[in-house]
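Where a number appears in this text, it was derived from the coordinates with a stated rule and is not lab data. For clarity, every value in this text was computed on a predicted model and none was experimentally measured. Here the Cβ positions follow ideal geometry from the backbone for every residue, glycine too, while neighbour counts run over all protein chains shown.
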Amino acid sequence: MPKLFEPLQIGALALANRIIIAPMCQYSASEGSAGEWHLIHLGHLALSGAGLLIVEATAVSPEGRITEGDLGLYSDANEAALGRVLGAVRAHAPIRIGMQLAHAGRKASSRAPWLGGAQVPSDQPGGWVAVAPSALPHSPGEEAPRALDAAGLEKIREDFRAAARRAARLGLDGLEIHAAHGYLLHQFLSPIANQRSDEYGGSLANRMRFPLEVFDVVRAAFPPDRPVWARISATDWVPGGWDIEGTVALSHELKARGCAAIHVSSGGVSPQQSITLGPGYQVPFAQRVKAEVGLPTIAVGLITDAEQAESIIANGEADAISLARAMLYDPRWPWHAAARLGARVTAPPQYWRSHPREHKDLFENAAFGAR
């Protein structure tokens, strides 16, 4: 059995293999509610044979959305709409399904990427006043966010708590807290975005305080037999910014609070970031967290082929790999990886006769569909 296709345990959640579909924003919701696009998008990804599908960054409040098209879980209408999508997906796919809970912070009130991604001024249609640790815009020339006061911090904690309860009612198998890519919780962590002088700014312990408080309320609101984990940017790629040492320290604190895994990404908090891209360029960060913290780690970032993914797991660099763009380009990536590595993968019986003849044993239980 290739290591990539060995089972993995994240807390009490058993995954059939170590391939995870990363959360990918679709910017296609209506007032936060999922629609037909989400049914098509999540439906075909759920048939991929991956071990876990993580639903895109889902805002815990309207003002926490990146764009007005972001998925949300802050209203009864949001919950009902997503429930219909998940019901249809679950009826035809055994894949485990998690969700990423998020707040955009100062990167809110933006246009969709295919419309340029620029900030929408708060006095324009589709715009609103963003909130952040400090009144510092993400990019020069943008409207500054409103710095969060004690009441604002409490509202965000309550928004995360309420969204976690809705996620529990929807039967989601796990929750990922988004503390990466320059969004609100990452903004608290990074001295680039956080210049507060109270107990939530300054020292590393203070900058970690609010993200840890959010983790605590989510963990308490979500059923104890279902895991909660975090996605973290391991570095800002900017001198003087958040770094891998802070990531290790935060991961230790999360572990002590019952965090089940760390999903290791990087960047996003500053347009001044300087990243040298290359195959698996973020994997060393996941390897260090795995070695020093001892939690299951999920590696992501230009992991594109089966042999590369197998090597990462076999060499102990990470416990799972996460695919985003590669999965959009090839929604059957796990099938093709299984064929190349000599593994078997789950597929719906309607597709059991689709594999090439040389891979006749590719699908689990495929013999039951033979004619």
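So, in nm, how far is label GLU6 from label ARG325 when the simple model puts each one 7 Å beyond its Cα toward the Cβ?
Distance between label points: 3.1 nm.
Taking only Cα atoms, what is the 0 to 90° angle, nearest 10, from helix 150-169's long axis to the longest principal axis of the chain?
Tilt relative to the chain: about 20 degrees.
Quick one: which of 160-170, 82-92, 116-126 comes out on top by average Cβ neighbours within 10 Å, and what's the full order, highest first?
Values: 160-170: 20.2, 82-92: 16.3, 116-126: 12.6.
Packing order, densest peptide first, comes out as 160-170, 82-92, 116-126.
Beta carbons within 10 angstrom, averaged per residue: use that to sort the peptides 250-259, 187-196, highest first. Write down the numbers at each step before the final one.
Details: 250-259: 18.4, 187-196: 23.1.
With the highest mean Cβ count within 10 Å placed first, the list reads 187-196, 250-259.
May I ask you to list the residues of segment 37-64 whose amide nitrogen lies under 20 Å from a point 7 Å from Cα along the Cα→beta-carbon direction of ALA151?
What the label zone holds, given the 20 Å backbone N cut-off, is 61-64.
Just want to confirm a number: the relative contact order over the chain, from Cα pairs under 8 angstrom separated by 6+ residues, in percent. Don't jump to the answer; show the numbers that get you there.
Working: 814 pairs, mean separation 59.9, N = 371.
The value is 16 percent.
I need the calculated FRET efficiency for the pair SER122 and ASP76, taking r as the beta carbon distance and R₀ as 30 Å, to the nearest 0.05. Mind dumping the intermediate values first?
On the way: r = 27 Å, r/R0 = 0.89.
Efficiency, from the Cβ-Cβ distance: 0.65.
Before anything else, pin down the relative contact order of segment 243-371: Cα pairs under 8 Å, at least 6 apart, normalised by residue count, whole percent. Please report the intermediate quantities before stating the final value.
Details: 150 pairs, mean separation 23.2, N = 129.
About 18 percent, as a whole number.
Under 1.5 on a/c is rounded, so check that first for segment 26-181, then, if it is not, pick prolate when a/b is larger than b/c and oblate when it is not; a ≥ b ≥ c are the square roots of the alpha carbon gyration tensor eigenvalues.
Working: a/c = 2.20, a/b = 1.66, b/c = 1.32.
Judged from the Cα gyration tensor, segment 26-181 comes out prolate (a/c at least 1.5, a/b above b/c).
Please work out the C-alpha center-to-center distance from segment 300-315 to segment 68-144 and express it in whole Å.
Using only Cα atoms to place each centre, the spacing works out to 30 Å.
For segment 31-118, what's the relative contact order in percent, using C-alpha pairs closer than 8 Å and at least 6 residues apart? All intermediate terms of the calculation are to be shown ahead of the outcome.
Working: 145 pairs, mean separation 35.6, N = 88.
Computed over segment 31-118, the figure is 40 percent.
Cα gyration tensor of segment 195-322, axes a ≥ b ≥ c as square roots of the eigenvalues: rounded (a/c below 1.5), prolate (a/b > b/c) or oblate? Each step should come with its number before you reach the end.
Numbers: a/c = 2.25, a/b = 1.22, b/c = 1.84.
Oblate is the answer for segment 195-322, as a/c is 1.5 or above yet b/c matches or exceeds a/b.
Which label marks the calculated value of Cα Rg over 2.2 N^0.38 Å, given the options [x] 1.01; [y] 0.97; [z] 1.06?
Derived directly from the coordinates: [y].
What does the highest-first list of 109-115, 17-23 look like by mean Cβ count within 10 Å?
Values: 109-115: 16.3, 17-23: 26.1.
So the peptides 109-115, 17-23, ranked by packing, come out 17-23, 109-115.
Estimate the FRET efficiency between ARG257 and HIS359 by the formula 1/(1 + (r/R0)^6), using the beta-carbon distance for r and 51 Å for R0, to the nearest 0.05. Write out the running numbers ahead of the final one.
Details: r = 44 Å, r/R0 = 0.86.
About 0.70, to the nearest 0.05.
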